[in-house]
Every structure is written in structure tokens, then in C-alpha cells.
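Notes for the one structure printed next.
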């Protein structure tokens, strides 16, 4: 079984790209399963079910989505092996753009859209900078010049990744992406003992533990303060 991790900012077109890519993968006689990670709500599992794809979803609630991913990925891989699928995809949204849900040795794909702004690649952390493949969506809405500038900005942030444009509505580019995601040589029976490509966001402060009051007297643990100057200028 191949394990693929796909992440990206909310509403960047991840689900549409995945569905179109699955259609292309199935044409090669391969079976696919998917696990959707999100925070508060998602109905993407319904779309996958309609497409006939075995699917599970997990909502992290008040927890950091990255910590939730790491805490459950071993069970997710076990589920995929029980299902007997050839390829298992995990999908998660990088809500703070600091997320890093990639494992060493596991193919990582980041989905980002042309409408997010030309400076967005610089604002995204390990989710974009450590990806193996970067998919750029919604290119049909912007001009050729804008597509080239945006792709150049993405390349400057992650010069080693393969960049591929995909249209989530028409499926253009999905076949090309499907040739990159699956490899007969790869086989993931377990991820136990594997390492994250980048450390997770670190925070264990009073607000993590449920504090709601504002003020230094209520703040403890991992707290970082801005440098405002002697006179708070």
C-alpha cells in the first residue's frame, strides 16, 4: 500500500483535486482509500462516499490538527491495510499555515491556489516548504502572467518540489498528478517509528489548558511576547 499525505490551506481545492486524481488512478486498476482530517466540521466524506471511495473522517475539535494527525496516523495506516487498498490518502487543512503533517519517507503533496495572493507562498511554513509535490489550482481564473508569477513564488520557497497545475473542475492535470503519487516499489505496512519532517507547532500555555482571561497574571507556560520598546512605542 502507498501512503500519500495531502495538505493545504482551506478552500484551496484539495478535495476536488483528490477526487479527479482518484478517477485517474482507478483507470490503472488500483483501489484507493482516504482519511479526512479537519477541525470542527467537514462533509467531504459524503463526496468521497458518492465517488465510491472507502473513507474515514476525524475531527480534532479543540486540539491542534497536527497533533491529532500524529496521534492517529498509525491507526489510519492499519485501517488502510485492513481494507486492502493499493493507495491510502490522508487529507488535512493547514488552518494556520504552520502545519507540518508530513512524514520522512512518505510522499507529501501540498495544494495551493492562485487566488490566495502572490505573497502567500512566503506565509506558508513546512506544509509548503517540505512538500515533494506542489499542486496549484484555480489557474483558469487568473491570467497566464499571474500563473507564472505565482508559480515562480512557489518555486522560490520550495525549489526542489515538482510543481503541477491541476483544474479541480475539469480534471485537467489530474492524470499527470496520478503518475506521481503511486509507485509499485513503495509499500507502507506501518508508520510506527517514522519521524515527522518538521517539528509541530509548540505551545503548552494557560490558554491551551482552557484559560480565557486576558492579562499577564493569567499567562503561564510557553508564552512569547512581542518586543514593543521601552515606552511601548
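The values are calculated or read from the model by the stated rules, or taken from the named source; none is laboratory data. Source: prediction; values computed, not measured. All Cβ positions, even for glycine, are placed from backbone atoms using ideal geometry, and neighbour counts span all protein chains on display.
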Only residues that are surrounded by fewer than 23 Cβ atoms within 10 Å (Cβ to Cβ) and either closer than 29 Å to residue 125 by Cα or at pLDDT below 95 (or both): list them for the range 31-45, please.
38, 39, 40, 41, 42, 43, 44, 45
Any residue in the range 158-177 that is modelled with pLDDT under 95, farther than 30 Å from residue 47 by Cα and outside any helix (DSSP H, G or I)?
no
Could you tell me whether residue 140 is in a helix (DSSP H, G or I), farther than 14 Å from residue 163 by Cα and either in contact with a helix residue (DSSP H, G or I) (Cβ under 6 Å, 6 or more places away or on another chain) or at pLDDT below 95 (or both)?
no
Condition first: in contact (Cβ under 8 Å) with a residue 12 or more places away in the chain, more than 18 Å from the chain's Cα centre (by Cα) and assigned to a helix (DSSP H, G or I). Now tell me which residues in the range 50-84 satisfy that.
78, 79, 80, 81, 83
List every residue pair whose Cβ atoms lie under 6 Å apart, where the two residues are 6 or more positions apart in sequence or sit on different chains, the first residue falls within the range 220-233 and is under 22 Å from residue 207 (Cα atoms), and the second residue, located anywhere, is in a loop (DSSP other than H, G, I, E, B) and at pLDDT below 85.
221/204; 222/203; 222/204
Taking residue 23 as meeting all but one of (1) under 16 Å from the mean Cα position of the chain (by Cα); (2) surrounded by fewer than 17 Cβ atoms within 10 Å (Cβ to Cβ); (3) in a helix (DSSP H, G or I), write down the number of the exception.
(1)
Touching a helix residue (DSSP H, G or I) at 6+ places or on another chain (Cβ under 7 Å) and either closer than 25 Å to residue 40 by Cβ or exposed (fewer than 14 other Cβ atoms within 10 Å of the Cβ) (or both) - does that describe any residue in the range 184-191?
yes
Determine whether the range 36-43 contains at least one residue that is over 21 Å from residue 178 (Cβ atoms) and part of a helix (DSSP H, G or I).
no
Filter the range 98-110 down to the residues that are surrounded by fewer than 17 Cβ atoms within 10 Å (Cβ to Cβ) and either on the phi > 0 side of the Ramachandran plot or out of contact with any helix residue (DSSP H, G or I) (no Cβ under 8 Å at 6 or more places or on another chain) (or both) and list them by number.
104, 105
Positions within the range 119-137 being part of a helix (DSSP H, G or I) and in contact with a helix residue (DSSP H, G or I) (Cβ under 7 Å, 6 or more places away or on another chain), in sequence order:
121, 122, 128, 129
